[in-house]
Amino acid sequence: MPNRPTPQQRQFARQLRANQTDCELILWQRLRARQLANLKFRRQFPCPPYVLDFYCPERRLAIELDGGQHYEAAAYHHDQRRTHFLRQQGIEVLRFSNLQVLEQLNDVLEHILRQVQSAATPTPPPPAA
């Protein structure tokens, strides 16, 4: 994990948790309380300079849900930079559209499960520079 979150970043993550989207709530209801492969997931997890929609520390796996705005050019490029940054930190990123969560929730969960099973050993963090 790069830097510790600032108090402002922690507060922002709290606000995001309090105001989660419908799709985030739907997925959270299936990830929370170790329901998926007995893994602990956190929601709106600060990973400076970003806040991850969902994060499994044990597998170093981030799950991001993308609404329609993520398909605009600027947002798409921002997401690509974010994914690149997270992968440099040793965090794997899975992205799903809100529509996938709404219409294909079981497929989304199966994809996540396959990912965590294929990465049965946690990804070590990158060496310190």
Segment 16-42 and segment 73-105: distance between their alpha carbon centers, rounded to Å: 16 Å
Summed residue charge, Cβ within 15 Å of His84's Cβ, Lys/Arg positive, Asp/Glu negative: +1
Relative packing of 50-58, 84-92, which averages over residues the other C-beta atoms within 10 Å, highest first: 50-58, 84-92
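First check a/c for segment 7-118, with a ≥ b ≥ c the square roots of the eigenvalues of its C-alpha gyration tensor; if it is under 1.5, answer rounded, and if not, answer prolate when a/b is larger than b/c or oblate otherwise.
Rounded, because the longest to shortest axis ratio a/c is under 1.5.
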Local electrostatic count at Pro57 - Lys and Arg +1, Asp and Glu -1, tallied over other residues with Cβ under 10 Å: +3
Rounded to the nearest 20 debye, dipole of segment 7-118 from Cβ charges on Lys, Arg, Asp, Glu: 640 debye
Label-point separation in nm, Leu39 to Gln115, each point 7 Å along Cα→Cβ: 0.8 nm
Spin-label model distance (nm) - Leu99 vs Arg17, 7 Å beyond Cα toward Cβ: 3.2 nm
Asn106/Arg10 FRET efficiency (R0 30 Å; Cβ-Cβ; nearest 0.05): 0.35
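FYI, it's all coordinate maths here, none of it is from the lab. Nothing here was measured: the structure is a model prediction, and the numbers come from that model. All Cβ positions, glycine included, derive from the backbone under ideal geometry; neighbour counts span all protein chains shown.
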